[in-house]
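Peer 1: First, the structure itself, so that you have it in front of you.
The values are calculated or read from the model by the stated rules, or taken from the named source; none is laboratory data. Just so it is clear, the structure is predicted and the values come from calculations on it, not from any experiment. Backbone-built Cβ (ideal geometry, glycine too); neighbour counts: all protein chains shown. The area values use the complete protein model at the heavy-atom level, side chains included, leaving out ligands, DNA and RNA. Shrake-Rupley method; radii C 1.70, N 1.55, O 1.52, S 1.80 Å.
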Amino acid sequence: ALLTLLLSIGLVFQVYQGTSVASGNVDDPNLAGAFRPAVVFEPEMLKFNLPANSRGESFHVDMKFGADGISSLMVLLTGIVGFFTVWLASFQIKERTETYIGLLLVTISMLMGVFLAFDLISFYVFFEAVLIPLVLLINGWGNGKDPRGASTRFLLFTLVGSIPMVVGLIALATYPVQQLLGPTTDIVELSKIAEAAKGATQTISTKGSWAVWLLLLGFGIKLAILPLHSWLPITYSAAHPNTTSLIASVVAKLGLYGILRIVIPLTPAALSVEGQMLFGALGAIVIVYGAMIALSKEDMREVLAYSSMSHVGFITLGLMSMTREGLGGAALQMFNHGLITASMFWILAMLEARRGPISLRKEDRGMAAQYPKLAVLLVFFTLAGAGLPGLNGFVGELLTMSGMMRVCGILVGIAVLGTVLGAWYGLRIVQRLLFGSSGEYIAAQSNPLAARDIETREWAPLAAVAFLCLYIGLFPMRTMKLFQPDTDRLARIVEPVVKSAHPDMDLLTAGGPRP
């Protein structure tokens, strides 16, 4: 896991250097397509031909892997969360520890495959392969409510979502046939075709809008958009918090990443006409819905589950704005949300190891006096999740709402209400767990950890992630330089399409100022 993290950091530096050199070519019209992978890996052994289609043509498949700014950011998130999850699992998981960590490593590998895939087949294979170790982790090491039922529901929901998604991906791969071209699974080539055909009447926006809805359905189930969210709180409540930290921080981003990597660049016209406002409205509604449910829950696992779902709504809002600010903010917030959510579940695992199941009403005892180090970290990550200026959550949420403001101010108004509710349930967590009304000091009983504050091996991962959250909050542009050329290039392609689909919207033109 440490080697994977070091390789992820090395990849980020390599992509960062390549992005800095090519950043001046973002708006060059001679460079077609939405993607400029700085690192590309195309092994000859992964190139093959499928049987001929009805026109007598063979279907050439070129499995390609690579990294640009957006994918390298997600690879880094996977490396960070994966390493610290393995670190904490080495002493938190007491039964079959080796098997548990082995399944964690398989999950991390499959996630890396999703984020590095630059062809539809590789993307789909790794996207689905993530389910196998996760189901085993939830069922085999779940210590919450009905882990077997939760793993079954998680598997059924994601498999049902895979059926429409694979049909939509096949439609994208065969779409070039309509343009008298050969079918292809290369995402880079498909983005060039989509950009070239954006003004034509024979585009997928008019002839294949059903494919966009299938893709949105498949990715929407993975990101738990309303009303397809019922698997999320059950899974988060049943799985071990260490497992949930990886699911909530990285796995929950697969649907968002699929929309950012496939739906928006490959079907911008269809999305802007068919699903942009509906999906954006669902994102705004889930912000308020998740926050209100989090306010009503007492079980800490359920509170964090609905809190995570609420914050994912901001990312959805930014993606559906299809603007420079929105896309950049969504990419940044995917990374920010992953760091904050993983840390909150790590803290929950540490609390449960000392006190058993955590209930906000039951634990109204003032634990700050007993666990001062843990209390400081809990307050820090709660404020980061609430969007305190100076921390990383503020920048991402502000950009996503700024992007949507150029499209629909009503949705932004709903999202602002969600930020208020988010601060409310965040302060409720702090008040109930740390500064309760009784303020009693609970002596250690049979559990030797009950009287001890978190140890060095526990707070070291949290301190490292807290430093990242503070650094991004104070110097956001240093992080955004990694992927901003990629999101700007994507916005240059999709903003004119959105403007033509919704001429009454106050969108900047492609030549307008950058955020």
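Peer 1: Go through Lys94/Lys145; Lys94/Lys253; Lys145/Lys222; Lys373/Lys481 and tell me which ones have a Cα-Cα distance over 25 Å in this structure.
Peer 2: Lys94/Lys253; Lys373/Lys481
Peer 1: For the range 157-167, what does the Karplus curve 6.51 cos²θ - 1.76 cosθ + 1.60, with θ = phi - 60°, yield as ³J(HN,Hα) per residue in whole Hz, taken in order and with x for Gly and Pro?
Peer 2: Whole-Hz 3J(HN,Hα) from phi for the range 157-167: 4, 5, 5, 4, x, 6, 5, x, 5, 5, 5.
Peer 1: If I compute solvent accessible area with a 1.4 Å probe over the protein chains, what percent of it on the range 198-325 is carbon and sulfur?
Peer 2: Here it works out to 67 percent.
Peer 1: Still on this model: Order Ser90, Ser162, most accessible first, counting only protein heavy atoms with a 1.4 angstrom probe.
Peer 2: Greatest to least solvent exposure: Ser90, Ser162.
Peer 1: Please give the per residue accessible area of the range 299-415, computed with a probe of 1.4 Å over protein heavy atoms only, in Å².
Peer 2: 23
Peer 1: Of all the accessible heavy-atom surface of the range 369-438, with the other protein chains kept in place and a 1.4 Å probe, what percent is carbon and sulfur?
Peer 2: C and S atoms contribute 80 percent here.
Peer 1: For the range 388-437, what mean projected area does the convex hull of the alpha carbons give, in nm²?
Peer 2: Quarter of the Cα hull surface area: 3.9 nm².
Peer 1: For the range 238-329, just say rounded, prolate or oblate: build the C-alpha gyration tensor, square-root its eigenvalues into a ≥ b ≥ c, call rounded for a/c under 1.5, and beyond that prolate if a/b exceeds b/c, oblate if not.
Peer 2: Judged from the Cα gyration tensor, the range 238-329 comes out prolate (a/c at least 1.5, a/b above b/c).
Peer 1: Highest mean first, what order results for 482-488, 106-112 on Cβ atoms within 10 Å?
Peer 2: By packing density, highest mean first, the sequence is 482-488, 106-112.
Peer 1: For the peptides 147-156, 394-403, what is the packing order when you average, over each peptide's residues, the other Cβ atoms within 10 Å and list the highest mean first?
Peer 2: Per-residue mean Cβ counts within 10 Å order the peptides as 394-403, 147-156.
Peer 1: Moving to a separate point now. Any idea what the alpha-carbon Rg over 2.2 N^0.38 Å comes to for the range 56-159?
Peer 2: So the Cα radius of gyration is 1.26 times the expected 2.2 N^0.38 Å.
Peer 1: Separate question: Taking amide hydrogens as modeled 1.01 Å from N in the peptide plane, which residues meet the under 5 Å criterion relative to Phe41, leaving out close sequence neighbours?
Peer 2: Phe65, Gly66
Peer 1: With only alpha-carbon pairs counted, each pair once and no self-pairs, how large is the Kirkwood hydrodynamic radius of the range 284-429 in angstroms?
Peer 2: Hydrodynamic radius (Kirkwood, Cα pairs) of the range 284-429 is 15.4 Å.
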